[in-house]
Amino acid sequence: MPELPEVEVVRRGLADHVVGKTFARVSLRGTRVARRHVLGPEHLSAQITGGARTSGGPPG
């Protein structure tokens, strides 16, 4: 399913900076960022930290 056009524009802009990179630390600004992540902001931060980004998905 294609993303919304504005989401796709942001994804493409970020891809140049994050694909192939590894995040050592993540800081979420406010709880709204993780509001849909059922396991909470700490879990979301842990999911983002570590593995290298491949195409905007989870660490791999």
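The values are calculated or read from the model by the stated rules, or taken from the named source; none is laboratory data. Keep in mind that this is a model prediction, so the values were computed, not measured. Positions of Cβ are backbone-derived with ideal geometry, glycine not excepted, and every protein chain shown enters the neighbour counts.
Here are a few things to note about the model shown:
- From the options 8, 3, residue that is among the acidic types (Asp, Glu) and at pLDDT below 80: 3
- For region 10-55, the candidate set comprises residues that are in a helix (DSSP H, G or I) and in contact with a Pro (Cβ under 8 Å, 6 or more places away or on another chain); within that set, the residue that is surrounded by the fewest Cβ atoms within 10 Å (Cβ to Cβ) is 31.
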